1. Restricting the search to the stretch 43-56, which residues are without any contact (Cβ under 8 Å) to a residue 12 or more places away in the chain and under 26 Å from PRO4 (Cα atoms)?
2. Restricting to the stretch 26-40, count the residues that are closer than 18 Å to VAL53 by Cβ and in a loop (DSSP other than H, G, I, E, B).
3. So which residues in the stretch 8-45 are of a type in the set (Lys, Arg) and surrounded by 11 or more Cβ atoms within 10 Å (Cβ to Cβ), if there are any at all?
4. Within the stretch 19-42, is even one residue touching a Phe, Trp or Tyr at 6+ places or on another chain (Cβ under 8 Å), of a type in the set (A, V, I, L, M, F, W, C), in contact (Cβ under 8 Å) with a residue 24 or more places away in the chain and closer than 30 Å to ALA67 by Cβ?
5. Out of all the residues in the stretch 57-69, is one or more touching a Lys or Arg at 6+ places or on another chain (Cβ under 9 Å), without any contact (Cβ under 8 Å) to a residue 24 or more places away in the chain and part of a helix (DSSP H, G or I)?
Amino acid sequence: MIAPSLLLAAGIAASEFLLHYHIDWLREQITHRYSWTAQDRCFWFALGTDQLVHGLTYLVIIAVLIAYAGLK
């Protein structure tokens, strides 16, 4: 039997990988569609939004870990 903490770690790692990939993919699609480069203000807005969403995913991971720890 696999320990619940190992399943939690695997779930978090898989979720973070999928989210990270798709967040970056979406930003790339948007910047490519509009041909934004580092010379464009919108490029930096897209990149900043990308980084904000990445940071928020880490806050969700922390919340999940705190909730899990509270269950023990």
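Just so it is clear, none of the values below were taken in a lab; they were calculated from the coordinates. Predicted, not measured: the structure shown is a model, and the values here were computed from it. Quick reminder, even Gly has a Cβ in these numbers, built from the backbone with ideal geometry, and neighbours come from all protein chains shown.
1. GLY55, LEU56
2. Total meeting the criteria: 1.
3. Once the filter is applied, which keeps residues that are of a type in the set (Lys, Arg) and surrounded by 11 or more Cβ atoms within 10 Å (Cβ to Cβ), the stretch 8-45 yields only ARG27.
4. Within the stretch 19-42, none of the residues are touching a Phe, Trp or Tyr at 6+ places or on another chain (Cβ under 8 Å), of a type in the set (A, V, I, L, M, F, W, C), in contact (Cβ under 8 Å) with a residue 24 or more places away in the chain and closer than 30 Å to ALA67 by Cβ.
5. Scanning the stretch 57-69 turns up no residue that is touching a Lys or Arg at 6+ places or on another chain (Cβ under 9 Å), without any contact (Cβ under 8 Å) to a residue 24 or more places away in the chain and part of a helix (DSSP H, G or I).
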